[in-house]
Amino acid sequence: FAVTAWLFWGNKSVGAIDSLAILPMVNASGDANLEYLSDGITDSLINNLSKLPQSQLRVMARGTVIGYKSKEVDPRKVGEELKVRAVVTGRLTLRGDNLLIDVELANASDGTRLWGEHYDRSLSGILPLQAELTQHISEKLRLKLSGEEQKQVSKQYTDNAAAYQLYLKGRHQSNKLTVEGLRLGIEYMNQAVELDPGYALAYAGLSHAYGDASSVILPADIAVPRSRAAAEQALKLDDKLAEAHTMLAFIKSSYDRDWAGGEKEFLRAIELNPNDATSHQAY
């Protein structure tokens, strides 16, 4: 049966937390070059928690929350606009090699602060920090996770911190959807898989970058085969990677006109990541 999460403040129940908006983390460093970190950590939290069944937790997609970036927000207004019961906000700064992150969980019905934490880690420790953030948020939501679900939401796809940062930079640039952003996105993703050839998520990111670059900075007959090869390599490394199934679904349905094959890949992606708005929309 579906287990609904509850949060308590003292002895007062604040309602079932079955829906969540993770807002774009604020880059409080004043250095625009660190936007890839604040955006990347936000995206990773969304991607990790969205792997849970919607019966347990409905997570707002990146495209839904991106409009709140760089804005002062009231959790009550966000809750009303997005129809969610809880809101996660955060701030990031970098002092030397120290990454400082403040995260807060608020009840969207009345703006009450339900939980907050300050993290002080070295930049080289960003990978375990990312897993720790996901774990702490799921714990504070009182989510009853199976062993497999806990493994999925806290999974690290690489142990190489440099490769992870290159992946985040690649995602950040690709998401700009500019000529220069697409070029840099492909470049950073290629560097990430060169550093760690077993990095399935980076291969999926490379597939996405080539897909976005098709007919923009590269001819389709060059970009699409490269996108396909990267997605297939990602799935060789991890056949449960929803992002790679989504890219194969796009290629099969839009490029190959293989509707049945595309549908199969979309349904597998949605099964693996039920909160992925992109897969639902494209399917």
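What the table below lists for this structure:
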read-out	value
Å² per residue, accessible surface of the chain at 1.4 Å	47 Å²
Accessible carbon and sulfur surface of the range 89-219 relative to its total accessible area, %, 1.4 Å	47 percent
0 to 90° range, to nearest 10: angle between helix 161-174 axis and the chain longest Cα axis	80 degrees
Ranked by how many other beta carbons lie within 10 Å on average, peptides 69-76, 89-96, 48-55 from highest	48-55, 89-96, 69-76
For the chain, built as a Gaussian network whose Cα springs stay under 10 Å, the top-fluctuating residue of GLY40, GLY116, GLY67	GLY67
Set of aspartates and glutamates near LYS71 by C-alpha distance (under 19 Å), chain-local residues within fewer than 8 positions excluded	ASP31, GLU35, ASP39, ASP43, GLU80, GLU81, ASP102, GLU104
Distance violations [Cα-Cα > 27 Å] among LYS83/LYS169; LYS83/LYS140; LYS140/LYS176; LYS51/LYS83; LYS51/LYS236; LYS77/LYS155	LYS83/LYS169; LYS140/LYS176; LYS77/LYS155
The chain: relative contact order as a whole-number percent, Cα under 8 Å and 6+ apart	15 percent
Ellipticity estimate at 222 nm from DSSP helix runs (n ≥ 4, -39,500 (n - 2.57)) divided over the chain, nearest 500	-15500 deg cm²/dmol
Local electrostatic count, PRO53, Cβ distance below 14 Å [Lys/Arg +1, Asp/Glu -1]	-2
Over the range 156-283, relative contact order from alpha-carbon pairs under 8 Å, at least 6 apart, %	17 percent
Relative contact order for the range 79-150, counting Cα pairs under 8 Å that sit 6 or more residues apart, in percent	22 percent
In nm, spacing of pseudo-spin labels at GLU72 and GLU187 (7 Å Cα→C-beta vector)	3.8 nm
Rg to Rh, two decimals, where the range 165-283 supplies the alpha carbon set and Rh follows Kirkwood	0.95
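The values are calculated or read from the model by the stated rules, or taken from the named source; none is laboratory data. Everything numeric here is computed off the predicted structure, so don't read it as measured data. Glycine also receives a Cβ, built like all others from the backbone with ideal geometry; neighbour counts cover every protein chain displayed. Calculation scope for accessible area: heavy atoms of the full protein, side chains included, ligands and nucleic acids excluded. Shrake-Rupley method; radii C 1.70, N 1.55, O 1.52, S 1.80 Å.
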